[in-house]
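Colleague: Quick one: structure below, then a few questions.
The values are calculated or read from the model by the stated rules, or taken from the named source; none is laboratory data. None of the values given here were measured: they were computed from a predicted structure. When we count neighbours, we look across all protein chains shown, and the Cβ atoms used for this are built from the backbone with ideal geometry, even at glycine. Surface accessibility is based on the protein's heavy atoms, side chains included, excluding ligands, DNA and RNA. Shrake-Rupley method; radii C 1.70, N 1.55, O 1.52, S 1.80 Å.
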Amino acid sequence: MEQIKEELVLSWVWLRNLLKTIEDYKDLQSIINKVQTSFKRNLRCIECEVFIVENPNEDRTHIDRLAGANFFSRNVVEEIFLNKKPHRIKEAEIIVPLEVYGRILGLLHLKTDFDLSDNECELIWSFSDQLAFIINDLQMPAKISPQSKSEIKEISNSIFNNLKSFLEASLERLKVLEEQNIQLVELNRTRTELINNVSHELRTPLVSIMGFSKILQRHEIQPELILEASDQIQSAGSRLSRMIDDLNQLNRASTKGWNINVEKLDIGEIAKFTVDALSPLNNDHNFTFNYPPIYPMIEGDRKLLRQVIENILINAIKYSPEGGEINCRIDLNSKDRILNLSISDFGIGMTEEEHSKIFERFYRAKNTKTENIAGLGLGLTICKDVVEALNGNISCVSNFGEGSTFTISFAYEED
């Protein structure tokens with residue numbers, strides 16, 4: 001019995017992994033079943049029940065239903081809905097509200113065969129907060145609470161101000177293309193994909209930021225929860241920042257063009273520098289280099305070329321989720337004086353149809369192996385725009401289930 005209790009005290013990692021497992025579920029009942037089964041099986045709870053309120057805004061009807069279910073007393077239910085705090089029935093039994101944005105979506109009832117400490121109850125409460133955000137996102141994904149910490153408000157304002165600027169620029173282009181029906185249809189398609197992709201990609205990190213910021217608002221929380229919440233908020237904020245950068249880059253490039261500083265460059269050195277920066281963060285992948293002993297310099301922009309190589313490498317990492325080798329190789333076409341830098345992975349790969357669209361704005365490959373991979377579908381578009389602005393060429397060879405090879409090619413002069 002003592003062993004079970006010790007596992008619960010140290011179980012925030014387990015609770016976090018359970019949250020990660022259920023956040024991709026598409027229906028509410030699957031989430032409820034997973035939570036109830038996991039608590040009963042892994043923590044050996046005597047009882048674990050998740051009760052969902054059908055209509056939280058319906059005046060007191062939800063309280064009548066719960067109190068009439070011969071499980072909760074009316075006084076307990078009313079107390080929880082009033083105070084929005086857990087209620088301990090006994091030392092080994094607790095009811096915790098699933099509360100988000102000031103609304104209670106349901107109740108989590110746990111009964112164990114050991115006494116629950118205050119720290120253990122705090123962990124369960126923190127888990128319930130995160131579970132509530134996942135349930136709320138599934139039921140009403142478009143609603144975001146106005147009650148946030150000032151830092152979160154600043155991030156949200158920055159996101160939507162930048163998005164507004166991008167959409168305004170897109171609308172200006174729409175006015176120019178109104179007389180050309182084919183181009184107008186294409187722009188409407190692009191705008192629809194933008195809204196769908198951006199709303200989907202922004203929702204996940206925003207839910208994470210809102211959920212973990214709520215934990216930080218508590219007066220008494222464990223240091224491990226503070227560290228976990230801070231790390232999750234920082235990670236989600238970085239993901240949002242990268243998306244905004246991609247949107248702004250394409251917006252500037254489409255209106256003003258790329259700001260290019262041309263100089264003689266060693267492209268192999270840039271590739272190795274980029275790999276050295278990414279490899280410590282991706283231990284499941286083995287990065288290899290195959291360069292000839294001597295190869296020529298090319299003319300290009302160091303900062304932009306590094307971004308291109310970084311985007312291709314990040315794609316190779318994301319689309320080979322089980323790890324494996326990622327190879328960087330330089331080949332020379334002496335006849336045409338062309339230097340080729342190729343980056344290969346042995347991951348998911350692409351179908352012929354996907355392959356034909358990969359450089360289009362906002363295009364994302366859609367199959368069972370890629371549905372959980374995040375992104376706006378702008379990285380390869382940026383790569384193509386940059387390489388062509390530097391008078392180069394980018395191409396791809398890919399087979400579904402076998403991996404992909406992206407090659408950027410530049411002309412060079414004999415020394």
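Colleague: Label 7 Å along Cα→Cβ of residue 263; the stretch 297-330 residues with amide nitrogen under 12 Å?
Modeller: Residues passing the 12 Å test: 300-304.
Colleague: May I ask you to give the solvent-accessible area per residue for the stretch 280-324, in square angstrom, as obtained with a 1.4 angstrom probe?
Modeller: On a per-residue basis, the stretch 280-324 sits at 56 Å².
Colleague: Oh, and also: Can you run phi through the Karplus equation (6.51, -1.76, 1.60; θ = phi - 60°) for the stretch 108-125 and list ³J(HN,Hα) in whole Hz, with x for Gly and Pro?
Modeller: Those phi angles translate into 10, 10, 10, 9, 10, 9, 9, 5, 8, 7, 4, 5, 5, 5, 5, 4, 5, 5 Hz.
Colleague: When the Karplus curve 6.51 cos²θ - 1.76 cosθ + 1.60 is applied with θ = phi - 60°, which whole-Hz ³J(HN,Hα) does each residue of the stretch 17-28 get, with x for Gly and Pro?
Modeller: Taking θ as phi minus 60°, the curve returns 5, 5, 4, 5, 5, 8, 5, 9, 5, 9, 9, 5 Hz for the stretch 17-28.
Colleague: If the limit is 31 Å between Cα atoms, which of 34/164; 84/111; 26/303; 20/84; 34/357; 84/164 go over it?
Modeller: 34/164; 26/303; 34/357; 84/164
Colleague: Then there is this: On a full-extension model of 0.36 nm per residue, what is the gain between residue 393 and residue 281, subtracting their alpha-carbon distance, rounded to one decimal in nm?
Modeller: Extra length available between residue 393 and residue 281 comes to 37.4 nm.
Colleague: Here's something else I'd like to know. Tally Lys and Arg at +1 and Asp and Glu at -1 over the other residues with C-beta under 14 Å from the C-beta of residue 305: what net charge comes out?
Modeller: Net charge in that neighbourhood comes out at -2.
Colleague: Would you calculate the separation in nanometres between label points at residue 37 and residue 402, each defined as 7 Å from the Cα along the Cα-to-beta-carbon direction?
Modeller: 3.7 nm
Colleague: Can you order the peptides 270-276, 133-139 by their average number of other Cβ atoms within 10 Å per residue, highest first?
Modeller: 133-139, 270-276
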